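One structure below.
Just so it is clear, none of the values below were taken in a lab; they were calculated from the coordinates. Fair warning: this is a prediction, and the values are worked out from it, not measured in the lab. Don't worry about glycine lacking a Cβ; one is built from the backbone with ideal geometry, like all the others, and counts go over all protein chains shown.
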Protein chains: 2
Amino acid sequence: MINEKMFELGSKRSAIRDLFEYAKERGAQIGAENVFDFSIGNPSVPAPDCVKEAILDLVAHGDPVALHGYTSAQGDPQVRAAMAAHLSGHCATQIGAEDMYMTCGAAASLTISLGALVCPGDQVIVFAPFFPEYRVFIEAAGAECVVIPPREPELAPDLEALRAALNDNTKAVILNSPNNPSGVVYSEETIRALCGILRQAQEEFSHPIYLISDEPYRELVYDGAQVPCVLDFYDNTLICYSFSKSLSLPGERIGYIAVSPRAADNRRIYAAVCGAGRALGYVCAPSLMQQVAARCVGKTADISVYRRNRDRLCAALKEYGYSFARPDGAFYLFVKALEPDASAFCERAKRHELLLVPSDSFGCPGYVRIACCVRPDMIERALPAFRALAQEYGVIE
Amino acid sequence: MINEKMFELGSKRSAIRDLFEYAKERGAQIGAENVFDFSIGNPSVPAPDCVKEAILDLVAHGDPVALHGYTSAQGDPQVRAAMAAHLSGHCATQIGAEDMYMTCGAAASLTISLGALVCPGDQVIVFAPFFPEYRVFIEAAGAECVVIPPREPELAPDLEALRAALNDNTKAVILNSPNNPSGVVYSEETIRALCGILRQAQEEFSHPIYLISDEPYRELVYDGAQVPCVLDFYDNTLICYSFSKSLSLPGERIGYIAVSPRAADNRRIYAAVCGAGRALGYVCAPSLMQQVAARCVGKTADISVYRRNRDRLCAALKEYGYSFARPDGAFYLFVKALEPDASAFCERAKRHELLLVPSDSFGCPGYVRIACCVRPDMIERALPAFRALAQEYGVIE
């Protein structure tokens, strides 16, 4: 008599959650330092000092009624202006406060954007590998999730497959670069080509096709990699952003949606975003954290730790015979499993106390995701296990 | 090509929002001190000291990675234990941490509870007068909103009308005491009778009917009024709570759902709550505010201000010939309009610079809502206007 779909979503533990529980149990048996848990995608570095300073100052000197009070549903006007100014610095497109809608983090940005756009019978396209919750959010909004397998080995979007998948029911395409789980950053060339295909399809099918760009890892790039501003390449774009990774605030649930000022129907889309936020129960984004985000926008946690971890892991895994696309962003490595069945491979890795996430739920079988947002000393202790695992498969001697 | 229903929800300004904008404009014309805005339901007293102390201590001395990190989706275990212990003190029923699910405030508590329970074709019953967003949330979950008009003049639930409205499609009944907009607190006798009717209907229709008790005003009661614990009277109950009013933290979005441990299928309901939270994009309740709520649970802002405001307004309005049910809780007065059309009455009140909310959107025509959570000096300045308005209608000389 309850909603069975929701029961299923709430009771079916994800592979990542299973590993999380296993790590705790196994750690209790053999000592936490002997379990090499690469499953978690949580920032491991603290928020920048700016966050602490902002909170202490706001709470010590702010008016508590205003500080903890409702903001307007779309967010405090000055906070939105600060967000718009910062995003306008990253883009050639100039974004106004009236285009910004503050949210309770990236997941809320996505469910609200999808709620605003999706009508019954719609399809939403995602590129594998993709964050598994995309499917949950797309289906909850009432659309069908259409998966485009990647070009391998570089794990870039397969644009020919995209062209073939677009049809009269396509409402939106979700882009996620830097990518979770692969860490791949899509090049400007790829973005340009992809947007060209979408423009063609809009004309062919005579209706808008929206690009939803999910960018929680936008600032987490290495070696000078550039994340192009998608707003500059395609008019019907919504950017979904979160401060979870850039400011190491994943629990605080603070982010935004930017509706492109160049979108046809920009005001109608923005109103629908407000309506979807209302229908889903998001009254406003957390008020104190809105102010904190406005003061700290543009700053980042010390992401050099993730780069060093990536470099160390990439060098060692390459030496041991593993293959992967070297990630330019985010904090993951997406590594080819040493046998076709990634789950079976992860089970064998477990015997070496290595906890890796099989890639099946990312829509891209045959890989494992390795989180680089871990303590460097754990990586050092884990490397012999990665080597032994490769030896077991005969990849190295 | 966007979702028209969401566009409508986002672009159709509510009566309250309209008045908010009008108050700003009018204040600019004649001076803010000459506009008597009784439309807003925002706490006007600051959060108790405990909130400031908790934030400063947590931020100064806590581990920032853990403090701002993801909690489990249902909330930090110790926070949930603190909530369960406090609620168990209010109820005869003993609630465990495993029955508690932390949310981003009351609206999220409601959308998640409804999402967990509602199946296509379901009806959800509300008692007028009711918070207008109930209809939005019920319809967003895919159910039909069935409104039961009140018994007048006491504005209590009409239990005979409830009995007649229950049918095979009834999934849930929403209860809201202390009530927004009337301030009425339902008596234990009323709760007992209502629960008896629901139990009968469960038997008659051979399926569970859930009671969703929305209790953001639970602590805001005056003159020793008691708010019975609904869990003690009906097994299939979910309590939706928020700290917005009790701790004056409406912008911070922190609350909880308590699933009755006595509910048939308690574990399945709880799992469906987790699933609905996931599908709606609620990853976890804001992490810092979870800790703050755990430290301050049981404390309240200085609600004596609301009581004094209520007393002053009730005495004066009675003297001027207005009629209303004297509120025992919340911070509203629900006053009979002096003509049948509440909107027309509010327009005439506006000419006296009195901003009142007409009751039509509360499902109960012919009344106005007057917020008592305002500055006492504004009440003093406004009383002559209330008198003049009554004189205009010939209620007094």
Q | Potential extension, A:Arg192-A:Ser11 segment - 0.36 nm per residue separation minus Cα distance | A | 61.1 nm
Q) Taking the Cα atoms only, what angle lies between the long axis of helix B:342-351 and the longest principal axis of chain B, rounded to 10 degrees? A) 50 degrees
Q. Kirkwood Rh over Cα pairs of the protein assembly as shown into Stokes-Einstein at 10 °C, 1.306 mPa s: D in µm²/s?
A. 57 µm²/s
Q: Any chance you could check the Cα centroid distance between region A:51-103 and region A:210-289 for me, in angstrom?
A: 14 Å
Q) Angle, helix A:188-205 long axis vs. longest principal axis of chain A, Cα atoms, 0 to 90°, nearest 10? A) 50 degrees
Q. Roughly speaking, what is the stretch gain from B:Ala225 to B:Glu319, that is 0.36 nm per residue apart minus the C-alpha to C-alpha distance, in nm to one decimal?
A. 31.4 nm
Q.
Residue by residue through A:259-270, how many Cβ atoms from other chains fall within 10 Å of the Cβ on average?
A. 2
Q) Between A:Phe20 and A:Arg267, what is the spin-label point distance in nm, taking each point 7 Å from the Cα along the Cα→C-beta axis? A) 4.4 nm
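Write down the percent of antiparallel bridges among all DSSP beta bridges whose residues are both part of chain B, to the nearest 5. Please list the in-between numbers first.
Numbers: 19 of 38 bridges.
Antiparallel bridges: around 50 percent, rounded to the nearest 5.
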Q | Partner chain coverage, peptide B:114-127 - average Cβ within 10 angstrom | A | 2
Q: Measure nothing but the geometry: give the 0 to 90° angle between the long axis through the Cα atoms of B:376-392 and the longest principal axis through the Cα atoms of chain B, rounded to 10°.
A: 60 degrees
(Q) Going by average Cβ density within 10 Å per residue, which order do the peptides A:7-18, B:358-369 take, highest to lowest? (A) B:358-369, A:7-18
Q. Along the charge dipole of chain B, which of B:Ala108, B:Pro178, B:Ile40 sits closest to the positive end, that is, farthest toward it, with unit charges on the beta carbon of Lys, Arg, Asp and Glu (+1, +1, -1, -1)?
A. B:Ile40
Q: Could I have the simple spin-label model distance between B:Tyr393 and A:Ile396, label points 7 Å from Cα toward Cβ, reported in nm to one decimal?
A: 8.6 nm
Q) When the helices in the protein assembly as shown are scored as -39500 (n - 2.57) per DSSP H run of 4 or longer and the sum is shared across all residues, what 222 nm value do you end up with, to the nearest 500 deg cm²/dmol? A) -13000 deg cm²/dmol
Q. Suppose R0 equals 25 Å; then what is the FRET efficiency for B:Glu203 and B:Glu139 from their Cβ-Cβ distance, rounded to the nearest 0.05?
A. 0.30
Q.
Using the Cα centre of region B:49-296 as the reference point, and only Cβ charges (+1 on K/R, -1 on D/E), how large is the resulting charge dipole? Debye, rounded to the nearest 20.
A. 460 debye
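Once you order the gyration tensor axes a ≥ b ≥ c over the Cα atoms, which shape class does region A:187-277 get: rounded for a/c under 1.5, otherwise prolate or oblate by comparing a/b with b/c?
Numbers: a/c = 3.03, a/b = 1.25, b/c = 2.43.
Judged from the Cα gyration tensor, region A:187-277 comes out oblate (a/c at least 1.5, b/c at or above a/b).
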